[in-house]
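Participant: Mind looking over this structure? Questions follow.
The values are calculated or read from the model by the stated rules, or taken from the named source; none is laboratory data. These figures come from a predicted structure and were not determined experimentally. Because the Cβ atoms are built from the backbone with ideal geometry, glycine has one as well, and the counts that use them run over all protein chains shown. Just so you know, the surface numbers come from the protein's heavy atoms only, side chains and all, with ligands and any DNA or RNA stripped out. Shrake-Rupley method; radii C 1.70, N 1.55, O 1.52, S 1.80 Å.
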Amino acid sequence: MDLVFRALADPTRRALLDELHARDGQTLVSLAARHDMTRIAVAKHLRILEDAGLVVSRRRGREKLHYLNPVPIRAVHDRWVSKYTEPWAAGLAGLKRELEAQMEKVFEIYIRTTPERLWEAITDPAIRAKYQFGAAVESDWTAGSPYRLGHPAAERPLIEGENLVVEPPDRLVQTMRALWGPDAERAGTSRVTWEIEPVGDSCRLTVIHDQLPPNAPAELYGGWPMILSGLKTWLETGQTLTTPGSLMYQPQQ
C-alpha cells in the first residue's frame, strides 16, 4: 500500500497512468513523446509504477509494452472505499472506464503462497467458487481438453473453452467464451493466460486476457481485479471477500 500511495503522489506518474488508461500497451518512446521529459526520466517514473504494481510491462518482439494494472487500485478500494459504494464497478475509483478498441489486458498480483497451492486454487472447483462469484470450474486439465465454469443458479455454463497449454504449476493457457449474457456472448472467443512465477516466499501471478475483439464489452475483462483480489485474500487468510461486488453472485446462506 505504501508503494502505491507514493507512486500516485507524483503528478507525472498519475499522468502516465492516464496515458495508459486511454491507450494500454504503449512503449517508452510513445509515452515519452507526450511529455516534456527525457526517456530516462520517464523510464524512472515507470519503474516506480512497476514496483508499486500499478504498471506491468511485457516484451513483444523487440518492443517493451506497458500496461495499466488496476489490481492495486482494487485493493485500495476493498480496504477503504467499498463500504461506501454499491456497484462493484466503482472499485477502480474513477481510473477505469469502459475501453473500446482494447485488444489485450494484463493483470498482476503478488500472493504469499506456493506455486502448487496457487495452481490448485485456480483449478479446484470448490476453491474457485470461493473467489469467482460462486462459480466452479470443471475440467480434467489436460492440453486440448474442454473446461466449463458454472454457477448453481445458472441453467447453463457461464464460461466455456479449451485448455490450450497445461503446465502445472507454472502456466495455463485457455480459450474463453463468455455465455452469461447477450453482449458477452456476441464478443466470441478470447484467450486467457495464467502465469505463475515464484518470488521468495510468494508468487507473482500474471493474467493476460487477449484476443479480445475491438468492441469487446468491459464486462468480459472488468471482473479480473475483483477475482484476483478474492484469490489473494483466500490463499493468504482463508477468508472470502465481503465487498458488495464479491458477494453479489454468492449463494445465499
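Participant: Convert each backbone phi in region 134-146 into a coupling constant with the Karplus relation 6.51 cos²θ - 1.76 cosθ + 1.60 (shift: θ = phi - 60°), then list the ³J(HN,Hα) values in order as whole Hz, x for Gly and Pro.
Facilitator: x, 8, 9, 9, 10, 5, 9, 6, 10, 4, x, 7, x
Participant: If you don't mind, there's one more thing I want to ask. Here is the link list: Lys130/Lys232; Lys64/Lys232; Lys64/Lys105. Which ones come out longer than 21 Å on Cα distance?
Facilitator: Too far apart for the 21 Å limit: Lys64/Lys232.
Participant: How would region 196-239 be classified by its alpha-carbon gyration tensor: rounded, prolate or oblate, with rounded meaning a/c under 1.5 and the a/b versus b/c comparison settling the rest?
Facilitator: Taking the square roots of the gyration eigenvalues as a ≥ b ≥ c, region 196-239 is oblate.
Participant: Moving on. Show the residues, 5+ positions off or on another chain, whose built amide H is closer than 5 Å to the amide H of Lys105.
Facilitator: Residues meeting the amide H criterion: His209, Asp210.
Participant: Here is a follow-up. Before I look further, what does region 196-236 give for accessible area per residue, probe 1.4 Å, in whole square angstrom? Walk me through the numbers on the way to the answer.
Facilitator: Working: 1330 Å² over 41 residues.
Averaged over the residues of region 196-236, the accessible area is 32 Å².
Participant: Give me a comma-separated list of calculated 3J(HN,Hα) values for region 226-231, in order, Karplus coefficients 6.51, -1.76, 1.60 applied at θ = phi - 60°, integers in Hz, x for any Gly or Pro.
Facilitator: Going residue by residue, I get 5, 4, 5, 5, x, 4 Hz, with x marking Gly and Pro.
Participant: Per residue, how large is the accessible surface of region 118-176? Use a 1.4 angstrom probe and give square angstrom.
Facilitator: Working: 2730 Å² over 59 residues.
Value returned for region 118-176: 46 Å² of accessible area per residue.
Participant: Follow-up. Could you derive backbone 3J(HN,Hα) for region 43-53 from the dihedral phi with the Karplus parameters 6.51, -1.76 and 1.60 (θ = phi - 60°), listing whole Hz in sequence and x where the residue is Gly or Pro?
Facilitator: Each residue of region 43-53 in turn: 4, 5, 5, 5, 5, 5, 5, 5, 4, 7, x Hz.
Participant: Taking the Cβ-Cβ separation of Leu179 and Glu120 as r and a Förster radius of 22 Å, what is the calculated FRET efficiency to the nearest 0.05?
Facilitator: 0.30
Participant: What area, in nm² and to one decimal, does the C-alpha convex hull of region 1-46 cast on average over all directions? Walk me through the numbers before you get to the answer.
Facilitator: On the way: hull surface 12.7 nm².
Directional mean of the projected Cα hull area for region 1-46 stands at 3.2 nm².
Participant: While we're on this one: Modelled label-to-label distance, Leu164 and Phe5, 7 Å Cα→beta-carbon offset: nm?
Facilitator: It works out to 4.1 nm between the two label points.
Participant: Relative contact order (percent) for region 119-199, with alpha-carbon contacts under 8 angstrom and 6 or more residues of separation? Mind dumping the intermediate values first?
Facilitator: Working: 154 pairs, mean separation 14.8, N = 81.
In percent, rounded to a whole number, it is 18.
Participant: Lys/Arg Cβ at +1, Asp/Glu Cβ at -1, dipole of region 134-206 taken about the Cα centre: which of Leu149, Pro168, Val199 is farthest positive-ward?
Facilitator: After comparing all options, I get Leu149.
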